[in-house]
Amino acid sequence: MTSAIPIKLLIVDDDQTLCANLKSFFERYNYKIHVVHDGVSALSAVESFQPDVVFLDIGLPGMPGIDVLREIKNKSSGIRVIMITGMAEEELQREARILGADEYVIKPFTLEYLKGTVMDKLHRLVLRDYHALSENVGLEREKFDRLFDAMPDGVLLLDRQGMVVRGNPKAGNLLEISFEQHPLRIIDALKNYHFQPQRASPQSALPLPEPISFELIKKQGQQRFDLVRPSPRSITLECCLTSVSGGKENLKGHLLFLRDVSEQRRESFGMKRLIDVVSHKFRTPLTSMGYIFMLKDPGRMKERLKKRAWDNVISNYERLSAALDGLAEFGTLHNQKIIPEPIALRTLIEAGLGMFRGRKDVKPGKVKWNPADFEIAVMADPVRMPVVFYHLFHNAFKFKATRVNLTFQPHGNYVSVEIADNGIGIPAASIDRIFEWFYQVDDEFTGQQHGMGLGLSVVQSIVEAHDGRVSAKSRFKKGSTFTVSLPAAKPSQR
């Protein structure tokens, strides 16, 4: 396989801010970028930089973009040109198509437009002539190979029967497979995923998942769809299928594009769940705090009712305060820098237990461990990592644990800490979802519980920011065990 040489992209636009933003965006995806701001410089850069693709503004000052396009196509018809245009330039768009523009994109750009429409057009453009290139030898075939391997998204080349002809390195990483295996059917490459149609609109219900088949994928045409793997780590791939050489008469195969959108889907779903949770969790205490209005005239209340009213107000105030504290903590997660340093596990655990001071509902003495055994050093942030142990202990006691046992085990370059409790456990149907934002196990299993469903999300975010891992196993009504694996401190770091 050829080495993944970056795709060379020439950006031509007189808007220097736009050029800087485009350059920054595409460099994140390992494109090699050259920027110029006028037509004459663009023609010079075509000779010296020899780009694979040109982003060319139609409305350039001096030498217009249309004239630059004409010169580029006269000199090298193999260079792909994507015109940058405005909504009001329809006549110029038509002229650009006649002169050989391969695609056009409309400004102003948003980040989502760049990630979606622009990247899709670029990828299909540089690969759509695969069949013609594959029948040639020399520079053209080598050019295709490096473009294919350098794609920042995953790409699979399929034959007409759905067999995988080849895949680029990104596709191999996303699907966790090797393309050395032959023959490889697409349904085997995707065996851990199920097909998930996308929502018709953000407000519509999520369609039910379906088993994957090649016929189902082909039926989508060029419409985007999702492939979802629920476990061991939830992954969502946004996909699009396009034909090679086009048309049913001379169809040679298909290109399947794969993009990891797991984080975007989690954020989108998390925002919807946030609204649902906040409206539910805040409504009950706010309604119950209506006792405040009764206390405006305490003289007419019996002492027993007055005490109950004050207890209710204080209890619900504490619920609201805890919920807001949880939201505030979660909101600052991505803004707080993790600064690991060599530190003993004992110090981190004791700091986590110390966060329970003053709380009546949790007794740190229920945590069974021998501090002297936990002097082993790990690489951890001394401020953020104690929060992990605090949430795991709090979670155990919140769900009826009367005892929590701590053990640890070195594993090569990592140290794993096990937090095992004898609480009510987690139903099997929920175990894969407990680290999702705002997820809470149904009340029928746990009883009515306070909180926002953020504690374990915070745990996962902090641990993974340390290049660590957290996992859970549980037997319902028997208890749960959480395992936190952290990088061990090297002897030279201690």
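The values are calculated or read from the model by the stated rules, or taken from the named source; none is laboratory data. Quick caveat: nothing in here was measured; it's all calculated off a predicted structure. Quick reminder, even Gly has a Cβ in these numbers, built from the backbone with ideal geometry, and neighbours come from all protein chains shown.
Determine which single condition LYS75 fails, assuming it passes every other condition in (1) over 20 Å from VAL105 (Cβ atoms); (2) surrounded by 15 or more Cβ atoms within 10 Å (Cβ to Cβ); (3) not hydrophobic (A, V, I, L, M, F, W, C).
Going through the list (1) over 20 Å from VAL105 (Cβ atoms); (2) surrounded by 15 or more Cβ atoms within 10 Å (Cβ to Cβ); (3) not hydrophobic (A, V, I, L, M, F, W, C), LYS75 breaks only (2).
Check whether at least one residue in region 79-96 is within 13 Å of ASP13 (Cβ to Cβ) and part of a helix (DSSP H, G or I), and report yes or no.
no
Would region 186-196 turn up any residue that is surrounded by 19 or more Cβ atoms within 10 Å (Cβ to Cβ), under 18 Å from the mean Cα position of the chain (by Cα), more than 26 Å from ASP52 (Cβ to Cβ) and modelled with pLDDT under 85?
Yes, that holds for at least one residue.
Only residues in region 232-246 that are of a type in the set (S, T, N, Q) and modelled with pLDDT of 85 or more count as the first member; pair them with residues that are surrounded by fewer than 20 Cβ atoms within 10 Å (Cβ to Cβ) and outside any loop (DSSP other than H, G, I, E, B), Cβ under 6 angstrom, at least 6 apart or cross-chain, and list the lot.
THR236/VAL228; THR236/SER262; THR236/ARG265
From the list PHE26, PHE55, which residue is in contact (Cβ under 8 Å) with a residue 40 or more places away in the chain and surrounded by 15 or more Cβ atoms within 10 Å (Cβ to Cβ)?
Details: PHE26 fails: in contact (Cβ under 8 Å) with a residue 40 or more places away in the chain.
The unique qualifying residue is PHE55.
Determine whether SER76 is small (Gly, Ala, Ser), in the same structural domain as ASP14 (by TED's automatic domain parsing), at pLDDT 90 or above and farther than 20 Å from THR17 by Cα.
No.
Can you name the residue in region 151-163 that is more than 26 Å from the chain's Cα centre (by Cα) and crowded, with 18+ Cβ neighbours inside 10 Å and, of all such residues, is farthest from LYS219 (Cα to Cα)?
Within region 151-163, the first condition is being more than 26 Å from the chain's Cα centre (by Cα), and the residues that meet it are 158-163.
Narrowing the set further to residues that are crowded, with 18+ Cβ neighbours inside 10 Å leaves 158, 162.
Working: LEU158: 15, GLY162: 13 Å.
Restricting to residues being more than 26 Å from the chain's Cα centre (by Cα) and crowded, with 18+ Cβ neighbours inside 10 Å, the top hit is LEU158.
Can you spot a residue in region 40-51 that is in contact with a helix residue (DSSP H, G or I) (Cβ under 8 Å, 6 or more places away or on another chain) and at pLDDT below 90?
Yes: one or more hits.
Of all residues being assigned to a strand (DSSP E or B) and either among the β-branched types (Val, Ile, Thr) or outside the structural domain of PHE482 (by TED's automatic domain parsing) (or both) in region 409-438, which is nearest to VAL484 (Cα to Cα)? Just the residue, please.
Here the answer is VAL417.
Restricting to region 32-48, name every residue that is among the β-branched types (Val, Ile, Thr) and under 27 Å from PRO152 (Cα atoms).
At the first step, the residues of region 32-48 found to be among the β-branched types (Val, Ile, Thr) are 33, 35-36, 40, 46.
Listed by number, the residues that qualify are ILE33, VAL35, VAL36, VAL46.
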